[in-house]
Every structure is written in C-alpha cells, then in structure tokens.
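Quick notes on the structure that follows.
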Amino acid sequence: MLLPDKTDGDTEWFTNDRFGLFIHWGLYALPARHEWVRHNERISNDEYQKYFNHFDPDLYDPCLWAEAASNAGMKYFVVTTKHHEGFSLWDTKLSEYNATNTPYGKDLLRPTVDAFRAKGLKVGFYYSLLDWYHPEYTIDHIHPLRDELAAREQSKERDLSKYVDFLHGQTRELLTQFGKVDILWYDFSISANEWHEGKGKNEWRGEDLIKLIRSLQPKIILNDRLEIDQDVKTPEQFQPREWVQIDGKPVVWEACQTLSGSWGYHRDEESWKSVDMLLQMLIDSVSKGGNMLLNVGPTGRGEFDYRALERLQGIGEWMKRHQRSIYGCTQAPEEYIAPPDTRFTFNPKTKRLYLHLYSWPYRHVHLEGAAAKIEYAQLLNDASEIKLLSKIPEAEYGAMKEVRHSTLLTLEIPVKKPNSAVPVIELFLK
Ligand code: GLC
C-alpha cells in the first residue's frame, strides 16, 4: 500500500492518535448564533463591541474541558486563539482586543493549554488569517462591511501588509510563549471574486511565515490553508470518499466536523448529530487513513453545553472498549473488501483487522478472500469468540457446504446486536 511521503512536521503521533478536539471559542459565544454572525448580519466593529463589553465566562474551567475530551478518547486539541472576528484569547501584546481587557480580565489560552497538557493531550492552535476587526485588514467580498460602498472605498487606503505584519507577530507570540506547540491550524485563504483579488499565499507572505514557524517550532504540524500544502489536508464538514490524495499520492489528512453545524456555540441549532453517527464518522476517517477533529463550541459562561457533553460521553463509552480499532490503525490492505455497511480498520503493528458493523446483519457476515489469513475472531466489546465457519467440521455447514473450500470466510455472529453503538469484530491475522 502506498503511504504518504514524509513532510517537515512530525505526523507520526498524529496518525497514531487519530482523534482530536476542536474548540471554537470567542466573543461569538454571546450572540450564540454562529461564529460567522458578523458576516451573516453585517455587523460593524462598533455594533459588535457590546459582546466584548459583556464577555465574562465565569464558569470557565479548562480542567473540565480537558477531562471531557480525554474521557472521550481524544488525544489532542486545537483551540481558536483568534477567529475571524479578530478577538484574541491570550494576553497578546499586539492588540488590546483580547481576553484580558474584557470583564473577565484574564488570559484564556494559557490555562487551557496547561489543563490539556496536564491530561496528556497534544496542543494545537487555530489562528484565523481573516480578521474583521483589524483596521488595516482590507474589506473583501466576505467581510461584514462588504455591502457598504463607502467603507469599501475607504478600505483602499488600508495597508494589508501592516495587518500581515501583525499576523506574523501574533504567530511568533503563539509559538514562543506557550512551550511546545504540536499543531498550527491556519484558516483560510480567500479566492478572488469580481471586485476583490482574494487573499492567499502571496498576501500572507506564506513562504516567509512558514520559515518563521519552522524556525520556532521545527516539528510542528502545519495545515494547508495558507494555500501552501504542508503536513496535513483538512477536509471540512464532509467525509472524503477515499484516502485523500494530491497528484495521485495519499497524504496525511484530518476531517474537521461539527456536532451541530456551527463551530461557535449556537443555542438554537437543532441538527445535532447522534453519538452513533459521530462514531461512524470517526471510524470512516480511520478506515481511509485519516483523522477526525471534532468540534465543541463552549458557551459564553465557559462551559461545554449539555448536548456536547452528552455526545462526548457517548463516544467515550464506546472508545473505552473499542479504542484498539482506532489508535494505531489505518486503512486495511486492499485485499480486504469491506462487506456492505461495514468499515475495516487495520493495525499494521499487531496485524489485527477490525470490522465495524454499521448495521447488524442476521447471523452471518461473509468476508471475501480472507479465509486463509484469519486465525481467530472475537467481538471487541467483550472478547467473546466469533466462530469462523470455514473452520468447523463440514457436517455443520448444511446448506452452506459449497463455501467450505472457497476463499470466502463466514463469521457467525449472535442474533442479538451487542450492546455497543457500533459493534466491532477483531480479526487476528496469521
Ligand atoms: C471555516 C470557517 C470557520 C471554521 C473553520 C473550521 O473555514 O470559516 O468558521 O473555523 O472552517 O474548519
């Protein structure tokens, strides 16, 4: 099987750990109707100021967040240090528009980093290349003021390169003041439209930025949204059909997914995914050689919403008994063809194959081409044996006699689906 080429960042732990927590937190937790609220409702800096003036997450306790993530089986986290709204969670020296100047009055990034690190999770920083607050950030076609012709006119006086100096400067702060940072997750480059030339690698001075990043944190994992491919591709809110490729070669990839559609806390959203669906998405990613970064948007008081906690708990309940089919696993060798409604993952070190059953068939699962290679099978949740039908005496076959000497392997499963959101059969290869 073709494997991704090595890149500058250290992706070894990343492709082993497979599952991380995304955190989108900022002033937008207060309007509580999407982190793009400024864009959606065309809100100016002045109108948005009320959220800064009322931002006071009194129940913020990052140890609880880290515990929830760790119990869910997540091994790393990526937090929005600054989102498109331009507000910084840390005590940046480059802008007053940060957490320490809100009623809360304290840095919100450092305690988060400390708490997650203490729980053994790797540290990732999301940083928005867009900045709707900064006075030198030019007004483009997705900016909150895009429809105000006077503002657009005035924007011609803005000097984007001054903003880009700021973005480089904030990157330097993030990579020098918080110890080892494992992931830097930039977001995102803007393509042109009829009246704006877009913002991409040239505008961000991407190559210089990458040099700076690598000089400060050589092994950091850097994503692709500077418009320069680095260590990881980041499909968003969909599941790729197959292992993500560039020019026909598989690459390291991570799907980022929401619980309910919005990334920031959204009070009224109703499209929350079920635990079963979320698990299927995680498994699906690993079965195609990828990771999943699952997002929670904490509330304006600093808590994970009850619906998010319920999902994380449900995932953790499954992970407790099934993590062997996730950590250290990847796409199975091509010869193993997953039957309908199932996904294979494979651990190349232990040589075990994991069959995830998204729907529970009656009594038998047939695996093509696997007969000669599998020596033992069990349900992962309770280590109860699953009989391999090509191995038991011929007399017991009855009507299935014809498959006895074929390459088909039939697994005999219990009629009743095990008490597990997604049952897994662990197959030991010879
Ligand atoms: C998008 C959105 C953003 C979110 C991000 C996560 O690009 O602009 O709100 O933070 O995706 O992948």
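Thr80 - would you say it is touching a residue at least 12 places away in the same chain (Cβ under 8 Å) and in contact with a helix residue (DSSP H, G or I) (Cβ under 8 Å, 6 or more places away or on another chain)?
no
Filter segment 309-329 for residues that are more than 21 Å from Thr345 (Cα to Cα) and polar (S, T, N, Q) and give the result.
Once the filter is applied, which keeps residues that are more than 21 Å from Thr345 (Cα to Cα) and polar (S, T, N, Q), segment 309-329 yields only Gln313.
Count, please, the residues in segment 187-206 that happen to be at pLDDT 95 or above and closer than 30 Å to Met292 by Cβ.
9
Given the structure, is Phe87 crowded, with 22+ Cβ neighbours inside 10 Å and closer than 24 Å to Gly289 by Cα?
no
Of the residues Tyr60, Tyr48, which is part of a loop (DSSP other than H, G, I, E, B), among the hydroxyl-bearing types (Ser, Thr, Tyr) and assigned by TED's automatic domain parsing to the domain that holds Glu136?
Tyr60
With the condition kept exactly as written, say whether any residue in segment 188-202 is part of a loop (DSSP other than H, G, I, E, B), more than 16 Å from the ligand (Cβ to nearest atom) and touching a residue at least 60 places away in the same chain (Cβ under 8 Å).
No, segment 188-202 has no match at all.
Answer yes or no: is there a residue in segment 234-257 that is more than 15 Å from the ligand (Cβ to nearest atom), touching a helix residue (DSSP H, G or I) at 6+ places or on another chain (Cβ under 9 Å), among the hydrophobic types (A, V, I, L, M, F, W, C) and more than 16 Å from Lys6 (Cα to Cα).
Looking through segment 234-257, none of the residues is more than 15 Å from the ligand (Cβ to nearest atom), touching a helix residue (DSSP H, G or I) at 6+ places or on another chain (Cβ under 9 Å), among the hydrophobic types (A, V, I, L, M, F, W, C) and more than 16 Å from Lys6 (Cα to Cα).
Across segment 350-382, which residue is modelled with the lowest pLDDT among those that are part of a strand (DSSP E or B) and not aliphatic (A, V, I, L, M)?
His366
How about segment 270-284: which of its residues are touching a helix residue (DSSP H, G or I) at 6+ places or on another chain (Cβ under 9 Å), more than 23 Å from Arg241 (Cβ to Cβ) and either assigned to a loop (DSSP other than H, G, I, E, B) or within 16 Å of the ligand (Cβ to nearest atom) (or both)?
Within segment 270-284, just Trp272 meets the criteria.
For His266, state whether it is buried (at least 18 other Cβ atoms within 10 Å of the Cβ), within 16 Å of the ligand (Cβ to nearest atom) and either farther than 22 Å from Thr234 by Cα or not assigned by TED's automatic domain parsing to the domain that holds Asp229 (or both).
In short, yes.
Taking the stated definitions as given, is Gly20 closer than 30 Å to Tyr336 by Cβ, surrounded by 15 or more Cβ atoms within 10 Å (Cβ to Cβ), touching a residue at least 40 places away in the same chain (Cβ under 8 Å) and within 14 Å of the ligand (Cβ to nearest atom)?
yes
The values are calculated or read from the model by the stated rules, or taken from the named source; none is laboratory data. Every value quoted in this text rests on a predicted model; they were computed, and no experiment measured them. Methodologically, a virtual Cβ is constructed for each residue, glycine included, from the backbone with ideal geometry; neighbour enumeration extends over all protein chains shown.
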